[in-house]
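These notes are about the structure you will find just below.
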Amino acid sequence: MSRQIIAEFPFVERFDELSAEFPGAGLDWLDTMRRTSLDRFNRLALPSTRVEAWKYTNLRELAKTPFEMAEASSGSASLDLSEQAAMGSESAHRLVFANGIYNASLSRLETLPDGVIITNLEDALTTHGSLVRPHLERLSSLEEDALLALNTAFMMNGYVVIVEEGIEVGTPIELLFLSDPSSPTSIHPRNLIVAGAESNAKLTEWHVGSGDSDYWSNPVTEVVVGPEAAVSHRKVQRESASAFHLAQTRVSLAGNATYTGFLMSAGARLSRCEVEARLEGDGANCELDGIYLARDHQHSDITTRIAHTEPGGNSRQVFKGVLDGHSHGVFQGQVSVSPDAQRTDGHQLNKTLLLSEGAEIDTKPELEICADDVKCSHGATAGQLDELELFYLRSRGLDAEEARQVLIRAFIAEVVESVEEGDFQDQLNTIIDDWLSNGLSTS
Amino acid sequence: MQGKAENSRNFTQCDSLLIGDKCGAHTVPYIEVKNRSAKVEHEATTSKISDDQMMYCQQRGMSAEEAVALIVNGFCKEVLQELPMEFAVEAQKLVGISLEGSVG
Amino acid sequence: MLEIKNLHARVDDRDVLNGIDLSISAGEVHAIMGPNGSGKSTLAYVLAGRDGYEVTEGSIHYQGNDLLDLAIEERAREGIFLAFQYPVEIPGVAGTTFLRTAVNSLRKHRGEKEFDAMQFVKYVREKQSELNITDDMLRRPVNVGFSGGEKKRNEILQMALLEPKFAVLDETDSGLDIDALKTVADGVNTLRDPNRSMLVITHYQRLLDYIVPDFVHVLAHGRIVKSGGKELALELEKEGYGALTGTQAA
């Protein structure tokens, strides 16, 4: 078996034709970068399960689907926002991307304080090109990652949030990615968050889809957290049951910077949420928490990589999953500590509940420690609901279904409660209720 | 845990103790569970000897070398005592040899 | 025996001791009392030589020599013993192994022959029963899974075995019920000796009903604000620390 899966995606063949419409088309540096990345993707191809990092997530089905590129003509947001009960709040800056296309009329930007840029990539390339370019170039030149290369070659409109030194963006920022295309469509949003020294920002990404058509969302988000800055970055993944969602978030943290990441992954037929955080300054803090819920034949992969390269860093991760039906969960969590990263504190916990006979979890924590003055740990558990606890609840009058729901909620509660804001907690609880109310297997 | 592994139980603990600043520890377990009635738990820690433990031993008159040797022996003991006698004796010797010159 | 002069110390960039003067002669038992955060435990750690407890001013002389020059284990070998407020757990190391290693370090230092396992068991057995320490406790790893009372009794057993000249008991009463407190106090009292001094650190007067001190000192804001005989402890019990430390702070 080869380490590559060769796919012949129609949109990749049509690169030349499509490239004239890309955001920033005509900028020499960007055109070159896209071209180089396309060559890289063609050389690398999609990783097969022979590649260690993809051991448990198979892209074969994805490779078979004849994806086209999202275009303005592939339909705009027929999604009714009001139907997405759990999504968004009234008082927030909001950017909306429908089928990969920026939708100005659904977007809403309140008056922005000085020193804050919230815009889409296309506009940012025109008006703030010199701010955006170094970040795009740095990430794109970094490494041999096929999906990153593909995103770079075809990067579409994503969001750009730049906060200058010392500025606190009080109002939360919401980024909505809505998808309901009519034919197999691939979407490659490219996002950028840059928080200057001692700045502060809170963002929530929603990836929501509907409809029966296959689509593939392949977003890449780069997050640069400056010295003493704090970024809270949440993401909710509720793509449609026909969707592939392969997302990468790349975070770099300077000295005493804090990144608080949260992930709720509940949708898509196949999803992989990959987060990489590099603690590149003394005393950087990274907190990553998440929940994954899967049923039927869903495949849900959470992959994290935390790299401690400087002294005194802290990282904490808690991921909990609930798997029903014939779903397949994957958690891969790598924590590496470089020789210079003394006094690192790195902790990771992964717990999965298996509700049904057909559900499966594969967990691969990875601790790579090359410094001696560190405290690192990881823990992983997998199992079913506790019989005795179920019995206890039923003896108090709850029916079997209620008892199961109570225990499942209790299992994830710790992670929900790690979110500071009540509003977002409520939204998460709505999603969980919604998920539970769709019925659990009784076997 | 394969699909037919009804009511199986596994607990794995993997702790690494770091001595000296040129060492490293890589812990990469694979936990694959295809049966919900199986209960799997894995724990791993990596740390250096705690300052409190060193302080406690030294307050009782031990040198830094003696303290490290004692703590490391204890750390290994939990595993060694599970081994058959003849292995345990050999392993114990190895612990002793590998500690020589580790503090300095 | 011990002479502390104008001792200032800092921990984590915070000044905790702000000029302590204290003189303890052979055979005396002194008690240090004070509210939380007054610097009691810091004083204990400074005497034992813990890293991170930096003496910024003043001196400590022990048996005529500068104590601050000595490393932790050198102080221990010269007869300084600290009974920890929170005895440290050392997984996998059996109590006997720990004790024998410690006792032999001291014997080696004094030029005495080290105990072999059999000799040591005999040596421990003599002291063990008085403190109600079972063989099982000695087989178990040091302090791991011990109750509060077991940990403190274990500290006193170590003190009995190491035969210190100067012992600091850091809140040895904390977390003990009345029976455990009596056992520990009896253990300490049998170790009172004309050649052995003790510094008993405590928050409550209760312990001093059982270990009766020769002198009592009240510590507040890193200074000794009042000294007296054993009756001072009773006075404090009645009136609380507030009156004393409040006036001093003003």
| query | What shape does chain A take by its C-alpha gyration tensor, where a ≥ b ≥ c are the square roots of the eigenvalues and a/c under 1.5 counts as rounded, a/b above b/c as prolate, and the rest as oblate? | reply | rounded
| Per-residue mean of C-beta atoms belonging to partner chains within 10 Å, peptide C:82-92 | 5
| task | Treating cross-link reach as a plain straight distance, find the aspartates and glutamates whose alpha-carbon is under 20 Å from the alpha-carbon of A:LYS55, omitting any fewer than eight places away in the same chain. | result | A:GLU143, A:GLU144, A:ASP145, A:GLU274, A:GLU276, A:ASP301, A:GLU360, A:ASP362, A:GLU366, A:GLU368, B:GLU32
| remark: Semi-axes (Å, rounded, descending) of the ellipsoid equivalent to the stretch C:160-240 per its C-alpha gyration tensor are 21, 16, 11
| request: Using only C-alpha atoms and all pairs of different ones, pull out the Kirkwood radius for the stretch A:316-443 in Å with one decimal. | output: 16.6
| said: Just to be sure I understand the model, the point goes 7 Å from the Cα along the line to the Cβ. What's the resulting A:ILE6 to C:ASP186 distance in nm? | reply: 8.7
| note | Taking C:MET159, B:MET54 and ranking on accessible area (1.4 Å, protein atoms only), highest first, one gets B:MET54, C:MET159
| message | What does the structure give for B:19-28 when I average, per residue, the other chain Cβ atoms found within 10 Å of the residue Cβ? | response | 6
| remark: Per-residue accessible area, 1.4 Å probe, largest first, puts B:LYS4, C:LYS165, C:LYS108 in the order B:LYS4, C:LYS108, C:LYS165
| Leaving out same-chain residues fewer than 8 places away, which lysines sit with a Cα under 16 Å from that of C:LYS113? | C:LYS122
| message | Tell me the accessible surface of C:ASP12 in square angstrom (1.4 angstrom probe, heavy atoms of protein chains only), to the nearest ten. | response | 140
| query | What pairs from C:LYS5/C:LYS127; B:LYS93/C:LYS127; A:LYS375/B:LYS39; B:LYS4/B:LYS77; B:LYS77/C:LYS182 go past 30 Å between their alpha carbons? | reply | C:LYS5/C:LYS127; B:LYS93/C:LYS127; B:LYS4/B:LYS77; B:LYS77/C:LYS182
| How about the stretch B:10-104: which trypsin sites (Lys or Arg not before Pro) there are in a DSSP loop, with at most 14 other Cβ atoms within 10 Å of their Cβ? | B:LYS22
| query | Taking each residue of C:61-74 in turn, how many C-beta atoms of other protein chains fall within 10 Å of its C-beta, and what is the average? | reply | 2
| field | Accessible carbon and sulfur surface of chain A relative to its total accessible area, %, 1.4 Å | value | 46
| task | Using only the C-alpha atoms of chain C, find the volume of their convex hull and express it per residue in Å³. | result | 123
| request: Enter the buried accessible area of the A/B pair, total of both sides, probe 1.4 Å, in Å² rounded to the nearest 100. | output: 2600
| Accessible surface of chain B [probe 1.4 Å, protein heavy atoms]: carbon and sulfur percent | 54
| said: Test of the criteria: in the stretch A:137-184, which GluC sites (Glu not before Pro) are in a DSSP loop and have at most 11 other Cβ atoms within 10 angstrom of their Cβ? | reply: A:GLU143, A:GLU144
| remark: Computed from every Cα-Cα pair in the protein assembly as shown, P(r) in 10 Å bins starting at 0 and rounded to whole percents is 2, 12, 18, 18, 16, 14, 11, 6, 2, 0
| query | Between C and B, buried accessible area summed over both sides at probe 1.4 Å, in Å² to the nearest 100? | reply | 2100
| task | Send over a whole-number figure in Å² for the accessible area per residue of the stretch C:2-245, probe 1.4 Å. | result | 43
| said: Not counting ligands, DNA or RNA, and with a 1.4 Å probe, what is A:TYR56's accessible surface area in Å² rounded to the nearest 10? | reply: 30
| note | Relative contact order as a percentage, chain A, C-alpha pairs under 8 Å and 6+ apart, gives 9
| remark: The answer for the net charge of residues other than C:ARG206 whose Cβ lies under 12 angstrom from its Cβ, with Lys and Arg +1 and Asp and Glu -1, is -4
| query | Using only the Cα atoms, what convex hull volume per residue in Å³ does chain B have? | reply | 134
| task | Please give, to one decimal in nm, the separation of the simple spin-label points placed at A:ASN438 and B:GLU90, each 7 Å out from Cα toward the Cβ. | result | 5.5
| Whole-number accessible area per residue in Å² for the stretch A:4-281, which is evaluated in the context of all protein chains at 1.4 Å | 36
| Under the rule of -39500 (n - 2.57) per DSSP H run of 4 or more residues, summed and divided by the residues of the protein assembly as shown, what mean residue ellipticity at 222 nm is obtained, to the nearest 500 deg cm²/dmol? | -9000 deg cm²/dmol
| query | For the stretch C:144-190, what is the per residue volume of the convex hull drawn over the alpha-carbon atoms, in cubic angstrom? | reply | 72
| task | With a 1.4 Å probe and every protein chain kept in, tell me what percent of the accessible surface of the stretch C:1-99 is carbon plus sulfur. | result | 39
| said: On a straight-distance basis, which lysines could pair with A:LYS202 in a cross-link, Cα separation under 25 angstrom, same-chain partners fewer than 8 positions away excluded? | reply: A:LYS235, A:LYS320
| query | When the accessible area of each residue in the stretch B:43-63 is compared between its chain alone and the complete protein assembly (1.4 Å probe; ligands, DNA and RNA ignored), which residues differ by at least 30 Å², being lower in the assembly? | reply | B:ALA44, B:THR46, B:LYS48, B:ASP52, B:GLN53, B:MET55, B:TYR56, B:GLN58, B:GLN59, B:ARG60, B:GLY61, B:MET62
| note | Taking Cα pairs closer than 8 Å and at least 6 residues apart, the relative contact order of chain B in percent is 27
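The values are calculated or read from the model by the stated rules, or taken from the named source; none is laboratory data. In this text the structure is predicted, and so the values were computed from the model without any measurement. In this analysis, Cβ positions are derived from the backbone assuming ideal geometry, glycine residues included, and neighbour counts consider all displayed protein chains. In case anyone asks, the SASA skips ligands and DNA or RNA and just uses the protein heavy atoms, side chains included. Shrake-Rupley method; radii C 1.70, N 1.55, O 1.52, S 1.80 Å.
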